[in-house]
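The values are calculated or read from the model by the stated rules, or taken from the named source; none is laboratory data. As the structure is a prediction and not an experimental result, all values here were calculated from the model. We place every Cβ from the backbone using ideal geometry, glycine too, and count neighbours over all the protein chains shown.
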There are 2 protein chains.
Amino acid sequence: MALIVHKYGGTSMGSTERIKNVAKRVAKWHDAGHQIVVVPSAMSGETNRILGLAKEITDQPDPRELDVIAATGEQVSVGLLAIALQAIGKQAVSYAGWQVAIKTDDAHTKARIASIDDVKVKRDLDAGKIVIITGFQGVNEQGDITTLGRGGSDTSAVAVAAALKAQECLIFTDVDGVYTTDPRLVTEARRLSTVTFEEMLEMASLGSKVLQIRSVEFAGNYKMPTRVLSSLTDPLLPLEIEAKSGTLISFEEDSNMEQATITGIAFNRDEAKITVFGVPDRPGIAYQILGPVADANIEVDMIIQNQSVEGKTDFTFTVPRNEYTKAMQVLANDVQAQIHATGIIGDAKVSKVSVVGVGMRSHVGVASHMFRTLSEEGINIQMISTSEIKISVLIDEKYMELAVRALHKAFGLENP
Amino acid sequence: MALIVHKYGGTSMGSTERIKNVAKRVAKWHDAGHQIVVVPSAMSGETNRILGLAKEITDQPDPRELDVIAATGEQVSVGLLAIALQAIGKQAVSYAGWQVAIKTDDAHTKARIASIDDVKVKRDLDAGKIVIITGFQGVNEQGDITTLGRGGSDTSAVAVAAALKAQECLIFTDVDGVYTTDPRLVTEARRLSTVTFEEMLEMASLGSKVLQIRSVEFAGNYKMPTRVLSSLTDPLLPLEIEAKSGTLISFEEDSNMEQATITGIAFNRDEAKITVFGVPDRPGIAYQILGPVADANIEVDMIIQNQSVEGKTDFTFTVPRNEYTKAMQVLANDVQAQIHATGIIGDAKVSKVSVVGVGMRSHVGVASHMFRTLSEEGINIQMISTSEIKISVLIDEKYMELAVRALHKAFGLENP
C-alpha cells in the first residue's frame with residue numbers, strides 16, 4: 001500500500017469511453033490498496049480548439065486571458081473522471097489548481113509551480129477517496145489563473161507527487177515508454193526499460209515529446225521515481241505486470257542501465273534561428289541582445305557568437321518556432337537600435353537533431369561519428385552545441401527525418 | 001456617467017464574430033463615460049455539449065462534479081470577451097466567480113448567491129478597466145465551485161449590479177424585449193415597453209424564458225432597474241436610442257404602465273405531474289410528501305389536495321420535467337411506504353399556460369373568460385392555480401400552442 005500519482009494525457013482522456021477506461025485502471029490500483037491521486041490532461045484537441053477561438057479574435061491575445069480560457073479544458077476532464085469513478089462505485093473528488101493552492105509565478109502561459117498545499121488532498125485520501133487534480137494550471141499570488149505551457153500536466157503530476165511524497169508517479173500516455181527515437185520516424189526504434197534522469201532531461205528538452213522537460217526537472221530535483229507507460233493496454237491488465245511496464249526514469253546511474261554509448265536520437269522539428277549581424281564585440285552585448293528576449297518570456301536554446309572581425313561580431317540563437325515572430329519584434333523594437341546592429345535575419349524552417357547518452361562521457365569519437373554520418377547523407381550542419389551527455393546539431397528542416405534515421409542506424413540503436 | 005452592468009446571453013456570445021460585436025457594444029458604452037461590468041453566458045450550445053459528456057458516462061452524475069464541468073463554459077466566454085475588448089484598445093480584465101468571491105449556498109447545480117465581494121471590481125473600474133465576470137457560477141464556503149442553474153447568468157448580472165449599486169442592469173438577449181407571449185408561437189405578440197416587477201416575476205416563473213426567475217427576484221429585492229433588450233441590433237446603434245429600447249422592469253406600478261387588464265400569456269411546456277393516491281388525510285401529510293422532494297432540491301410548482309373521502313385523499317403536484325424521474329424515485333424510496341399511500345402515478349407530458357397582469361386585481365371575470373376560451377377550443381383543464389396577478393392552468397402538452405394562441409386573441413393582446 002502506497003501513495004501513487006497517475007497522470008493521463010489528452011489522448012487517454014479523448015472520449016467518454018476512454019475516460020471510463022481510465023476510471024477502470026485507476027480503480028484497479030485503488031482496489032489493490034493504494035492511495036491514488038490522478039492528474040488528467042484536457043480531452044485531446046480541446047485546448048487547441050479554445051485557444052483557436054482566441055486566435056480568431058486577435059493574433060496576440062493577452063496571456064492572462066489566454067490562461068483563463070486554456071485552464072477550462074482540464075477542469076472538464078477532472079469532473080468527467082470523478083463522475084466516471086463514482087459510476088463504478090468509487091468515492092472521488094475533483095479539484096482545480098486554485099482549489100488545492102497550486103501556487104505559481106506570474107509567467108502566464110508558461111508559469112512555474114512554487115508550492116502545493118496538500119492538506120485537502122491528504123484528508124480526502126485518508127477518507128478513502130480518489131483525488132483528481134487539474135493538470136497544466138495553478139494560481140499566482142494575485143489569485144489569477146496561470147497555466148504551465150504545453151505538456152504542463154506532466155509537470156503538475158510530478159509536482160503533486162513530490163508534494164505528497166508519493167512512492168511513484170505514473171505517466172500514462174499513448175506511447176508505451178521512451179524509445180531510442182520516435183518510432184513514427186524510425187520503425188526500428190526500440191523501447192528503453194530505464195533511462196537516467198539526465199538522459200531523459202536531454203531527450204525531453206530536445207523534443208522527444210514523451211514528457212515535458214519541467215516534469216523531468218521536477219522529478220530530478222525531488223528524486224521522484226517517474227514511469228512512462230501506456231494507457232492503451234487493457235485497463236484490467238494485471239497490476240503486477242502494469243507496474244513494471246513502460247520506461248522508468250532512474251536516479252541510480254549504474255544500477256541496471258543498459259551499457260550502450262548512445263541511448264537515443266532526439267529531435268525538435270519546430271525551431272527557428274535568428275542572427276543579429278554587425279554587433280559590437282564588447283562585454284555585456286550578449287545580455288543586451290538576450291535580456292529583452294528573456295524578459296518577453298521567450299526561451300532561447302542554442303547560442304553561437306562568431307569570432308569578431310574588426311571589432312564586430314555576429315550573434316546567432318534559436319527559439320521555439322511559435323515564438324519566432326515575437327522574438328523578431330522584440331529585437332526590432334528593443335534591441336537593434338540600442339546596440340547599433342547592422343541587421344537581423346531569421347530562418348523559421350530549421351530543426352534540431354541530437355544524440356544523447358550517459359555512456360558518451362567515457363567514449364571518444366561520438367561527435368566525429370555523428371558528423372561523418374550527416375556528411376555522408378549530404379546534410380549541412382548550421383549550428384552545433386554539446387553537453388556532457390549530448391551533441392546537438394541544427395539543420396535544414398527538410399533533412400530532419402533523414403538525419404534521425406541515418407544516426408539511429410549509425411549508432412546501432414535498433415539492437416539491444 | 002454611471003456604473004452599468006451588461007449581460008449577454010449564449011446566442012450573443014455564440015461565435016467569435018458575435019463576441020467582437022459584443023465588444024464593440026460594450027466599448028460604445030464605455031466611450032460614453034460609463035463604468036461597465038459585463039456578465040456573459042457560455043457560448044450557445046457549449047454548456048449542453050459538456051453536460052452531455054457527463055450524461056454519456058452516467059445517468060445521474062454527481063452534482064458537485066457537474067458544476068466543476070458546467071462552470072467552464074462561462075470561463076471561456078469571459079476570457080474571449082476580454083481579449084476582444086483589448087483588441088479594440090480597451091483595458092479589460094476577466095474574473096471567474098470564485099475570484100470575486102461570488103459566495104453561494106451548497107445547492108450544487110442550483111445554488112443561490114449569498115454575497116459578492118466588490119473590492120477588486122471597484123478597484124479595476126476606478127482604474128478605467130472594463131470588468132468581465134463569469135455568469136452562472138460561484139463558490140461555496142468549502143471553496144467548491146457551484147452553479148446557479150439554467151439562466152443563472154441573468155441572476156449573476158443582477159446580483160453583481162445590486163452589489164455594485166449599479167444604475168441599471170441591461171440584459172442583452174436574442175429577443176428585443178418582453179412580449180405579450182412568445183412571438184415564435186403567436187405572430188401577433190406585441191413588445192411591452194415596461195412591465196412591473198410582479199408581472200415579470202410571473203412571466204419568468206411561468207416560462208416566458210426571457211429572464212431567469214431568480215434574477216427578477218434579485219431585481220425586485222434590490223429594486224435594481226433591469227432592462228431586457230436586443231443584442232442583435234447594430235452594435236454601433238446610437239447609445240441614446242439603445243438605452244431606451246427593449247423592456248424595462250419597473251418598480252413604480254402606476255407610473256407609465258399600460259392599462260390593460262392582462263399583460264401577457266406565459267407558458268411552460270416542460271412540466272410533469274405526479275399524483276399520490278390514497279393518502280391518509282391528516283395534519284402534516286403534505287409536508288411528509290413534499291419535504292423529501294424539497295430536500296432533493298426539486299422545485300414543486302402547482303399543488304392540489306382533493307377533498308378527502310373516507311379519511312383518504314389524493315395529492316397532486318407538478319415538478320420541472322427534467323426532475324420527474326428523480327421525484328418519482330424519492331417518492332418510491334422515501335415516501336410511499338411511510339405514509340401508506342396506495343399508489344403513485346405521473347404524467348410527464350403536461351404544460352402550463354397562464355394569463356398574467358397587475359390589472360387583474362381590479363377586474364372580475366378574467367378567470368371565467370379564460371376558462372370559457374379553453375372550453376371553446378375543447379381543451380381539458382387538469383389543474384388550476386391562481387395568484388393576485390395570474391391564473392395558471394395545467395393542460396395536455398399537445399394543446400399548449402393552441403391554448404396560448406386562443407388566449408392571446410381572446411384578451412386582445414395584439415392591440416396596444
For strands (runs of 3 or more DSSP E) lying entirely in the stretch B:73-175, having 2 or more residues that are of a type outside the set (A, V, I, L, M) picks out B:92-95, B:137-139, B:145-147, B:168-173
Matching residues in the stretch A:53-65 (in a helix (DSSP H, G or I) and facing chain B (nearest Cβ under 7 Å)) number 5
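Table: residues versus (1) touching a Ser or Thr at 6+ places or on another chain (Cβ under 6 Å); (2) facing chain B (nearest Cβ under 8 Å); (3) closer than 21 Å to A:Lys20 by Cα.
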| position | (1), (2), (3) |
| --- | --- |
| A:Leu51 | no, no, no |
| A:Leu81 | no, no, yes |
| A:Ala84 | no, yes, yes |
| A:Trp98 | no, yes, no |
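Of all residues in the stretch A:359-406, which are closer than 16 Å to A:Ile303 by Cα and among the hydroxyl-bearing types (Ser, Thr, Tyr)?
A:Ser385, A:Thr386, A:Ser387, A:Ser392
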- Query: For the stretch A:372-387, does any single residue satisfy the condition of being crowded, with 21+ Cβ neighbours inside 10 Å and within 23 Å of A:Leu201 (Cα to Cα)?
  - Reply: no
Selection over the stretch A:86-96 where residues are more than 11 Å from chain B (Cβ to nearest Cβ) and under 28 Å from the mean Cα position of the chain (by Cα) yields a count of 0
Picking from A:Arg214, A:Arg282, the residue that is modelled with pLDDT under 85, among the charged types (D, E, K, R) and touching an Asp or Glu at 6+ places or on another chain (Cβ under 9 Å) would be A:Arg214
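Select, from B:Gly128, B:Gly138, the only residue that is more than 9 Å from chain A (Cβ to nearest Cβ) and touching a residue at least 40 places away in the same chain (Cβ under 8 Å).
Working: B:Gly128 fails: touching a residue at least 40 places away in the same chain (Cβ under 8 Å).
Being more than 9 Å from chain A (Cβ to nearest Cβ) and touching a residue at least 40 places away in the same chain (Cβ under 8 Å) holds for just one of B:Gly128, B:Gly138, which is B:Gly138.
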Expected single match for assigned by TED's automatic domain parsing to the domain that holds B:Phe315 and either touching a Phe, Trp or Tyr at 6+ places or on another chain (Cβ under 8 Å) or part of a helix (DSSP H, G or I) (or both) among B:Ser375, B:Ser385 is B:Ser375
With the first residue restricted to the stretch A:214-226 and required to be of a type in the set (A, V, I, L, M), and the second required to be surrounded by fewer than 18 Cβ atoms within 10 Å (Cβ to Cβ), Cβ contacts under 6 Å at 6 or more apart or on different chains are none
- [ ] Look at B:Val335 and say whether it is surrounded by 18 or more Cβ atoms within 10 Å (Cβ to Cβ), touching a Pro at 6+ places or on another chain (Cβ under 8 Å), in the same structural domain as B:Ala296 (by TED's automatic domain parsing) and aliphatic (A, V, I, L, M).
- [x] yes
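Got a sec? Which of A:Met1, A:Met43 is of a type in the set (A, V, I, L, M) and modelled with pLDDT of 95 or more? Spell out the reasoning first.
Working: A:Met1 fails: modelled with pLDDT of 95 or more.
On inspection, the qualifying residue turns out to be A:Met43.
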B:Thr16 fails exactly one of (1) at the interface with chain A (Cβ under 10 Å from one of its Cβ atoms); (2) touching a residue at least 24 places away in the same chain (Cβ under 8 Å); (3) touching a Ser or Thr at 6+ places or on another chain (Cβ under 7 Å), namely (3)
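Considering the stretch A:273-295 alone, what residues qualify as being out of contact with any strand residue (DSSP E or B) (no Cβ under 8 Å at 6 or more places or on another chain) and crowded, with 16+ Cβ neighbours inside 10 Å? Talk me through it step by step, then tell me what you get.
Of the residues in the stretch A:273-295, the ones out of contact with any strand residue (DSSP E or B) (no Cβ under 8 Å at 6 or more places or on another chain) are A:282-284, A:287-288, A:291-292, A:294-295.
Hits for the stretch A:273-295 are A:Gln288, A:Pro292.
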When restricted to B:Leu402, B:Leu394, the only residue surrounded by 18 or more Cβ atoms within 10 Å (Cβ to Cβ) and outside the structural domain of B:Asn48 (by TED's automatic domain parsing) is B:Leu394
Per the list (1) closer than 18 Å to A:Glu397 by Cβ; (2) surrounded by fewer than 18 Cβ atoms within 10 Å (Cβ to Cβ), residue check on A:Lys312 breaks on (1)
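With respect to B:Val26, determine if the residue is outside any helix (DSSP H, G or I) and either over 30 Å from A:Ala87 (Cα atoms) or more than 10 Å from chain A (Cβ to nearest Cβ) (or both).
Details: outside any helix (DSSP H, G or I): no; either over 30 Å from A:Ala87 (Cα atoms) or more than 10 Å from chain A (Cβ to nearest Cβ) (or both): yes.
Taking the combined requirement at face value, the residue does not satisfy it.
For the stretch B:50-108, which positions are β-branched (Val, Ile, Thr), within 27 Å of B:Glu323 (Cβ to Cβ) and out of contact with any strand residue (DSSP E or B) (no Cβ under 7 Å at 6 or more places or on another chain)? Before you say what the answer is, go through the steps one by one.
Restricting attention to the stretch B:50-108, the residues satisfying the condition of being β-branched (Val, Ile, Thr) are B:50, B:57-58, B:68-69, B:72, B:76, B:78, B:83, B:88, B:93, B:100, B:102, B:104.
The next check asks that each one be within 27 Å of B:Glu323 (Cβ to Cβ); those that pass are B:50, B:57-58, B:68-69, B:72, B:102, B:104.
Correct list: B:Ile50, B:Ile57, B:Thr58, B:Ile69, B:Thr72.
Quick one: which of B:Asp295, B:Asp347, B:Asp301 is farther than 24 Å from B:Ile381 by Cβ, assigned by TED's automatic domain parsing to the domain that holds B:Phe371 and either within 24 Å of the chain's Cα centre (by Cα) or hydroxyl-bearing (Ser, Thr, Tyr) (or both)?
Answer to the check: B:Asp295.
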How many residues of the stretch A:29-49 are surrounded by fewer than 20 Cβ atoms within 10 Å (Cβ to Cβ) and either under 14 Å from A:Phe136 (Cβ atoms) or within 14 Å of another protein chain (Cβ to nearest Cβ) (or both)? The answer is 4
Restricting the stretch A:50-65 to residues that are of a type in the set (Asp, Glu) and touching a helix residue (DSSP H, G or I) at 6+ places or on another chain (Cβ under 7 Å), the one surrounded by the most Cβ atoms within 10 Å (Cβ to Cβ) turns out to be A:Glu65
Residue pairs qualifying under the 8 Å Cβ cut-off, at least six apart or on distinct chains, with the first in the stretch A:347-371 being among the aromatic types (Phe, Trp, Tyr) and the second being outside any strand (DSSP E or B), are A:Phe371/A:Ile381
Every listed condition ((1) farther than 21 Å from A:Asn297 by Cα; (2) more than 10 Å from chain B (Cβ to nearest Cβ)) holds for A:Thr104 save (1)
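In the stretch A:122-152, how many residues are β-branched (Val, Ile, Thr) and under 20 Å from the mean Cα position of the chain (by Cα)?
Kept after step one, since they are β-branched (Val, Ile, Thr), are these residues of the stretch A:122-152: A:130-134, A:139, A:145-147.
Next, only the ones that are under 20 Å from the mean Cα position of the chain (by Cα) stay: A:133-134, A:146-147.
Of the residues in that region, 4 qualify.
For A:Ala157, state whether it is over 14 Å from the mean Cα position of the chain (by Cα), assigned by TED's automatic domain parsing to the domain that holds A:Arg18 and among the hydrophobic types (A, V, I, L, M, F, W, C). Quick ask: steps written out before the conclusion?
On the way: over 14 Å from the mean Cα position of the chain (by Cα): no; assigned by TED's automatic domain parsing to the domain that holds A:Arg18: yes; among the hydrophobic types (A, V, I, L, M, F, W, C): yes.
Here the answer is no, as A:Ala157 does not meet what is asked.
Do we have B:Val68 as assigned to a helix (DSSP H, G or I), buried (at least 24 other Cβ atoms within 10 Å of the Cβ), under 23 Å from the mean Cα position of the chain (by Cα) and on the phi < 0 side of the Ramachandran plot here?
Details: assigned to a helix (DSSP H, G or I): yes; buried (at least 24 other Cβ atoms within 10 Å of the Cβ): yes; under 23 Å from the mean Cα position of the chain (by Cα): yes; on the phi < 0 side of the Ramachandran plot: yes.
Spelling it out, B:Val68 is indeed assigned to a helix (DSSP H, G or I), buried (at least 24 other Cβ atoms within 10 Å of the Cβ), under 23 Å from the mean Cα position of the chain (by Cα) and on the phi < 0 side of the Ramachandran plot.
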Checked pairs for the stretch B:149-172, first without any contact (Cβ under 8 Å) to a residue 60 or more places away in the chain, second of a type in the set (Val, Ile, Thr), C-beta under 7 Å and 6 or more apart or across chains, list as B:Ala159/B:Ile113; B:Ala159/B:Ile116; B:Ala163/B:Ile116
